[in-house]
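Engineer: Sharing a structure here in structure tokens format.
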Amino acid sequence: MATLLNDRDLEFQLYEVLDTESLLQRPRYAEHDREIFDATLNTARDIAEQYFAPHNQKGDANEPTFDGKKVTLIPETKPAWDAFAEAGFLASHHDFDDGGSQLPEVVLRASMAYFNAANVSSTAYSFLTIGAANLLKSFGSDELKDRYLPPMLDGRYSGTMALTEPGQGSALGDLRTLAKPAGDGSYRLFGNKMYISGGDHELTENIIHMVLARIEGAPAGVRGISLFLVPKFRLDDHGQPVERNDVALAGLLHKMGYRNTTSTVLNFGEKDGAVGYLVGEPHKGLTYMFQMMNEARIGVGLGAAAMGYQSYLHALDYARERPQGRPVSNKNPDAPQVRIVEHADVRRMLLMQKAYAEGSMALCLYASTLVEDAHTAPDESERKAAAELLDLITPMVKSWPSKYGVAASDLGIQVLGGAGYTRDYVLEQLYRDNRLNPIHEGTEGIQGIDLLGRKLGPKGGDGYAEFQRRIEATLSQAAGLAGCEHLADELAQAQETLKAVTSELQKQLAADPDHGLSNATMYLDMFGKVLVGWMWLKQAMAAEKALGNGALGSEEAFYRGKIHTARYFMNWELAPLDGYARLLIAGNRDNLDMRNDWF
Ligand SMILES: Cc1cc2nc3c(=O)[nH]c(=O)nc-3n(C[C@H](O)[C@H](O)[C@H](O)COP(=O)(O)OP(=O)(O)OC[C@H]3O[C@@H](n4cnc5c(N)ncnc54)[C@H](O)[C@@H]3O)c2cc1C
């Protein structure tokens, strides 16, 4: 059985690449030290191993059921939820005063990676609750926060995000759920929501739905959307959940993966309306929800990275054990078979997996440091720069690990050969679970349009300028570091290519938005590769420094593996971008000009 993640790699990424210890200088973390960060990571790994991993395959084989009254999950799900909550992970990044432990974002995210690697579908309940609680904390009234936040932070209540409807998914502006003022400050909601993860279950005393709806008479489109808190059970005067709200579970959806997370169709207002409370101001719901979605997007990227990582570690274990074939140069049929890891083609697949998994993890952890800096960096200009860069790169942080995490899971199956296709190994489940990630929280196509059409637009923005500044700073540091110059040259070339493509696409966008955005997904992929190339250069630089300080034995092997994988990435992932760049710069119209009746 493979470990959940490579602990040494996480330690390397947190402390040698990202300098997480420097956070201890910030007043918010004055009471912390490195031991606390490490103990948190160890606790996460232990709980993930003890309570989450053991029922991962069981939850996949035994989907949740609904008998018309009650949802039943496999019994192991509840102790896992309780262990997560009791260890304080639901509240860990909140203030001490609110019952949290003021854990830095990057340490929380790294901890979450263990849970995702162990069992993504049981982890989803906590993931959604953390996001819903953040949303309430940021935008809810004091009264709403007093009533609902404490039980969401201690695990008595869970949370959901309820955006999607049967008739609208990507086009949020078309949502139809209606909110009518009840005259007492509350609202009554009527409408149907679909695919709502964690929308019903018996894990918690109550479920807090964060629902997007349109107040009666509100303008059409995204400007008319408001955010509501709608509890499954309404609270009495003592704050106890007593009366069932008018939110009915119409049914559970049956999925390819992520099976131990309930996927629900919810009917709001089958009787006299679901009681809901406005969060923040009317018509600002989508802006608020974007906070949750942006956090969730980093979380989706991280989950995909963790599953790609698991796939890599399983495949590596298998390849080191499985004897098959002989080196091409050995024609002696009596010679013993070699382990498949000795075949260059199997090493190709493992190298790709390592590049995708560790590169994705590096990107998500880097994005988490930007979340951190946007909130706690000492200087206002630093906070602003981090927020702008984060805003720019969020589409890639969500979509790149999602696409290449699936690719890493797919490669894992291929490394195992026939065994990978059987249900005796978890690879096929990891692949199915991971396949959700390019779809939810904004599909890959929507991320491309968001990046090029909104984040960059015809003029570019401050986030893009900040990206250039930071990558160039890394390139100049690398230029002075023996062993990294060649890697830096390759990345610099890819960066120039990206710049040329960006400026050309911006012109195409200004001249004709339909044309300009028609290849946005290809551009998203290219930008993602340059970003991950940057992450690989940072890792190679940290590894070179460590080698320079005399790392030996398994440590030396670890660092050499990092540098070699960075080289692989620059050669095989970045160099081919030139071909795509030519097509994009020429304003290729293949997708745009294909006609519906030609298919
Ligand atoms: C397992 C699962 C869990 C989910 N959990 C939740 C949840 O908890 N809460 C919630 O609110 N939602 C949830 N969703 C819904 C999810 O966010 C949507 O499925 C997703 O946003 C896509 O919407 P859709 O399914 O309606 O697809 P559509 O919007 O119909 O898209 C279909 C295809 O068309 C493309 N497309 C659509 N519009 C455009 C466009 N303008 N330009 C270019 N291409 C376009 C898309 O990229 C996609 O490839 C979940 C979905 C699944 C499958």
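The values are calculated or read from the model by the stated rules, or taken from the named source; none is laboratory data. All of these numbers come straight from a predicted model, not from anything done at the bench. Cβ placement follows ideal geometry from the backbone for every residue including glycine, while neighbour counts extend to all protein chains displayed. SASA here: full protein model, heavy atoms, side chains in, ligands and nucleic acids out. Shrake-Rupley method; radii C 1.70, N 1.55, O 1.52, S 1.80 Å.
Engineer: Collect the residues in the range 406-438 that are among the small types (Gly, Ala, Ser) and either within 16 Å of the ligand (Cβ to nearest atom) or not in a loop (DSSP other than H, G, I, E, B) (or both), keeping them in residue-number order.
Structural biologist: Ala407, Ala408, Ser409, Gly412, Gly418, Ala419, Gly420
Engineer: Inspect all residues belonging to the range 362-380 and state whether any of them is open to solvent by less than 10 Å² (accessible area, probe 1.4 Å) and farther than 30 Å from Tyr125 by Cβ.
Structural biologist: Yes, the conditions are met somewhere in the range 362-380.
Engineer: Might you let me know whether the range 541-561 holds any residue that is under 27 Å from the mean Cα position of the chain (by Cα), closer than 30 Å to Pro438 by Cα and surrounded by fewer than 20 Cβ atoms within 10 Å (Cβ to Cβ)?
Structural biologist: There is at least one residue in the range 541-561 that is under 27 Å from the mean Cα position of the chain (by Cα), closer than 30 Å to Pro438 by Cα and surrounded by fewer than 20 Cβ atoms within 10 Å (Cβ to Cβ).
Engineer: Within the range 184-193, can you find the residues that are crowded, with 20+ Cβ neighbours inside 10 Å and within 15 Å of the ligand (Cβ to nearest atom)?
Structural biologist: Scanning the range 184-193 gives Leu189, Gly191, Lys193.
Engineer: Let me spell it out: the conditions are (1) open to solvent by 10 Å² or more (accessible area, probe 1.4 Å); (2) within 16 Å of the ligand (Cβ to nearest atom); (3) of a type in the set (Gly, Ala, Ser), and Gly199 meets all of them except one. Which number is the exception?
Structural biologist: With (1) open to solvent by 10 Å² or more (accessible area, probe 1.4 Å); (2) within 16 Å of the ligand (Cβ to nearest atom); (3) of a type in the set (Gly, Ala, Ser) applied to Gly199, the lone miss is (1).
Engineer: If Val275 meets every condition in (1) within 16 Å of the ligand (Cβ to nearest atom); (2) of a type in the set (A, V, I, L, M, F, W, C); (3) over 21 Å from the mean Cα position of the chain (by Cα); (4) open to solvent by less than 20 Å² (accessible area, probe 1.4 Å) apart from one, which number is that one?
Structural biologist: Result: Val275 passes all but (1).
Engineer: Mind checking which residues of the range 160-179 are of a type in the set (S, T, N, Q) and either more than 8 Å from the ligand (Cβ to nearest atom) or under 20 Å from Phe127 (Cβ atoms) (or both)? Show your work before the answer.
Structural biologist: Filtering the range 160-179 for residues of a type in the set (S, T, N, Q) gives 160, 164, 168, 170, 177.
Correct list: Thr160, Thr164, Thr177.
Results for (1) under 23 Å from Ala124 (Cβ atoms); (2) modelled with pLDDT under 95; (3) not polar (S, T, N, Q), shown as yes or no for each residue.
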| residue | (1), (2), (3) |
| --- | --- |
| His238 | no, yes, yes |
| Arg244 | no, no, yes |
| Tyr258 | yes, no, yes |
| Thr261 | yes, no, no |
| Val265 | yes, no, yes |
| Glu270 | no, no, yes |
| Gln291 | yes, yes, no |
| Gly303 | yes, no, yes |
| Arg320 | no, no, yes |
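Engineer: Under the condition of being open to solvent by less than 50 Å² (accessible area, probe 1.4 Å) and of a type in the set (Val, Ile, Thr), which residue from the range 206-238 is nearest to Lys284 (Cα to Cα)?
Structural biologist: Checking each candidate, the answer is Ile225.
Engineer: Cβ-Cβ distance below 8 Å, separation of 6 or more or different chains: which pairs start in the range 439-456 with a residue that is within 7 Å of the ligand (Cβ to nearest atom) and at pLDDT 95 or above and end on one that is in a helix (DSSP H, G or I) and of a type in the set (Gly, Ala, Ser)?
Structural biologist: The qualifying pairs are Glu444/Ser399; Glu444/Ser402; Gly445/Ala520; Ile449/Ala520.
Engineer: Out of Met526, Met522, I need the residue that is assigned to a helix (DSSP H, G or I), in contact (Cβ under 8 Å) with a residue 60 or more places away in the chain and under 25 Å from the mean Cα position of the chain (by Cα). Which one?
Structural biologist: Details: Met526 fails: in contact (Cβ under 8 Å) with a residue 60 or more places away in the chain.
Of the residues listed, the single one that is assigned to a helix (DSSP H, G or I), in contact (Cβ under 8 Å) with a residue 60 or more places away in the chain and under 25 Å from the mean Cα position of the chain (by Cα) is Met522.
Engineer: Please verify whether Val346 is open to solvent by 60 Å² or more (accessible area, probe 1.4 Å) and either farther than 30 Å from Tyr148 by Cβ or assigned to a loop (DSSP other than H, G, I, E, B) (or both), treating the condition exactly as stated.
Structural biologist: no
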